[in-house]
1. Starting at the first residue of the range A:89-105, write each ³J(HN,Hα) from the Karplus equation 6.51 cos²θ - 1.76 cosθ + 1.60 with θ = phi - 60°, in whole Hz, x for Gly and Pro.
2. Would you mind checking which residues have amide H under 5 Å from B:Leu333's amide H? H placed 1.01 Å from N; only 5 or more apart, or other chain.
3. Step through the residues of the range B:181-189 one at a time and calculate ³J(HN,Hα) from phi using the Karplus curve (6.51 cos²θ - 1.76 cosθ + 1.60, θ = phi - 60°), rounding each to whole Hz and writing x for Gly and Pro.
4. For a quick check, take a GNM of chain B with Cα springs below 10 Å and name the residue from B:Leu122, B:Leu224, B:Leu329 with the largest mean-square fluctuation.
5. I'd like the mean, over residues of B:187-199, of how many other protein chain beta carbons sit within 10 Å of each residue's own Cβ.
6. For chain B, what does the alpha-carbon gyration tensor say about shape, rounded, prolate or oblate, given a ≥ b ≥ c as the root eigenvalues, a/c under 1.5 as rounded, and a/b over b/c as prolate?
7. Kindly put B:Leu262, A:Leu158, B:Leu355 in sequence by how many other C-beta atoms sit within 10 Å of each C-beta, fewest to most.
8. So which trypsin sites (Lys or Arg not before Pro) in the range A:69-101 are both in a DSSP loop and have at most 16 other Cβ atoms within 10 Å of their Cβ?
Amino acid sequence: MAETKEPAGPPVTLTEPIEMSKLDVKFREEIHSMPNGEELSACFACSTCTAACPIANIWKYKPHQLIRMILLGMRDEVLSSDEIWLCLTCFQCQERCPQKVRVTDIFFDCKNLAAEEGKIPANIIGLAKELLEKGQLYTVTADWEREDMGLEPEVPGLSVDALKNILKETRTNKIVDSGE
Amino acid sequence: MSNPVLVIGAGVAGMTAAVELADSGIKAILVERKETVGGNALDLYKAFPTDDCFYCFEGNRWRPGIRKCFYRSALIDQPNITLKMNSEIDEISGAPGQFKVKLTKGPEYIHPRKCTMCGLCLEKSKAFHLLSPQCQPQAVVFNPEKTDDGAKQAEEECPTKAINLNAQPVEETIQVSDIIIATGYHELQPINVDEYKYGKYPNIITQLELAKIIDPNSDSGGVLVRPSDGKPAKRVMMVQCVGSRDENYYPYCSKICCIFALKHASILTQERDDVRVSVVYMDIRTYERYERYYRRSRESGVEFLRGRVSLVQPREDDTLDITVYDSLLNKYLKFTVDLFVLSSALEPPEGMDKLIETLGIKSASGFVAAADPASEDEVVIGDHIYACGTALGPAEVPESVTQARAVVSKILQSRK
């Protein structure tokens with residue numbers, strides 16, 4: 001559709017509609033062409049994903065709304081949303097989806113796109129930094145728990161050095177560098 | 001071309017086809033797997049679109065006979081119909097027009113013409129029971145697994161000598177010119193759709209199970225009760241598209257569940273005391289004449305919730321806490337209900353795949369498919385093979401009847 005000129009004067013209605021011509025129509029294809037996006041357009045907006053989500057009640061945009069936003073081309077809103085990062089990746093939405101839309105995986109795709117554009121929340125960068133420095137996200141500290149269960153104090157075979165070396169060569173390192 | 005026509009399945013479609021053929025002077029052999037004819041429709045209290053018995057549609061009004069019973073009495077009295085109950089098709093061979101069909105007819109413990117349903121045997125032994133006062137053949141049925149001395153006594157004392165406990169299954173081979181597949185459907189038992197917890201708690205049921213509860217012939221006499229304790233149920237929630245329109249189960253729309261649910265919701269709110277019904281839907285599909293049904297049920301106070309069920313949690317008193325995500329409101333709603341009714345998908349009946357393979361015909365999502373999908377002859381399945389009713393996929397009663405008549409018309413034309 002051709003872009004129309006902004007009408008002069010006050011708006012005709014007070015609903016403040018989203019101007020469709022300003023949305024990114026390519027965004028849908030962009031996600032669609034990514035590894036998990038094949039079934040994206042099969043979505044028939046039943047909202048099963050949102051019903052399945054254990055934490056969407058605190059989300060501004062619910063999972064089915066994010067899918068809808070992708071389909072409409074609301075690229076900036078989706079990629080700068082907190083929700084794609086808040087996702088627990090429990091895969092309940094994807095499991096229940098009657099049209100086999102890979103909802104959780106599509107959010108991973110969105111995270112990757114957002115990361116490429118440097119749109120990563122600070123706490124996520126913090127986690128990446130932790131991973132780079134320690135080679136693990138959760139350090140085993142509560143030794144008494146292991147003792148209670150009759151396990152040896154140290155996690156056997158745990159070697160974080162190799163992982164640290166690998167991570168230095170990955171995008172995780174670049175993200176931390178650029179994020180700082 | 002004087003060979004009889006084989007009709008597989010004595011539900012709405014099969015009975016209609018057999019009776020219409022017989023009335024036109026063509027012999028029909030009607031084979032039914034179960035002990036009574038009527039199929040799934042036997043369990044329905046009222047049928048849409050008229051909320052009346054499905055044999056009382058306008059086109060049948062001129063017929064003599066009483067409500068719900070005409071076709072079934074014709075099955076015994078029409079000389080052109082041979083009814084074979086408890087029977088299974090074993091093999092089909094031969095060329096089109098001269099099919100050789102091998103079938104096994106189950107043991108005829110009770111002679112359907114001799115039995116007067118006097119009830120004497122029912123008092124003597126638990127091995128005998130009456131399926132329904134409207135069952136057809138009009139006879140009691142016998143369960144050999146429950147044989148006892150009372151059963152033998154009943155055999156001796158039966159006033160019409162209708163009982164033969166030594167009856168054996170009979171194998172026979174018949175020759176038929178045409179085959180009509182009217183095998184119907186089966187309602188999916190949605191145990192695998194985890195989130196609804198069907199099969200885990202007694203008050204989570206399917207629409208067909210609800211139909212049986214509210215039928216005036218039911219144990220409760222048509223009162224809406226909870227299966228858990230038989231106490232009246234006041235709060236009902238229904239959920240649509242369970243296993244239908246779902247790529248993980250059946251990709252097709254089961255077509256009748258919306259109207260099925262609206263019918264039940266209307267019956268419950270209008271004819272039962274203090275029953276509140278909520279329907280959780282993602283799309284309501286009330287095609288053709290059914291939009292009025294939808295409007296009427298809204299007027300009668302049925303609550304419609306656009307969204308999906310989030311969580312089902314049972315409580316100690318067998319009621320259920322149900323959280324629903326309302327996608328229009330963008331809020332989660334919590335309900336406590338006595339009954340949770342799943343509008344479950346219609347699936348092909350057991351043995352359908354074998355029949356399709358034996359006859360070498362086409363299949364669509366497990367149902368029988370037309371030989372030429374592009375043609376208007378949707379009931380023509382192959383050379384001298386026809387299908388009608390839900391054997392072709394989900395269909396309402398009027399559609400099944402129309403298709404059955406179309407099949408009869410095709411057969412009559414071929415014999416001109």
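A short reminder: the numbers here are calculations on the coordinates, not readings from a lab. None of the values given here were measured: they were computed from a predicted structure. FYI the Cβ positions are ideal-geometry reconstructions off the backbone, even for glycines, and counts take in every protein chain you see.
1. 6, 7, 6, 4, 4, 5, 4, 7, 3, x, 10, 6, 6, 8, 4, 4, 5
2. B:Val324, B:Tyr325, B:Asp326
3. Coupling constants for the range B:181-189: 8, 9, 7, x, 10, 10, 7, 4, 8 Hz.
4. B:Leu329
5. 1
6. Oblate, since a/c reaches 1.5 and b/c is not below a/b.
7. Numbers: B:Leu262 26, A:Leu158 10, B:Leu355 20.
Fewest-to-most Cβ neighbours within 10 Å comes out as A:Leu158, B:Leu355, B:Leu262.
8. On the way: sites: A:Arg75, A:Arg96, A:Lys100; in loops: A:Lys100.
Sparse-neighbourhood loop trypsin sites (Lys or Arg not before Pro): A:Lys100.
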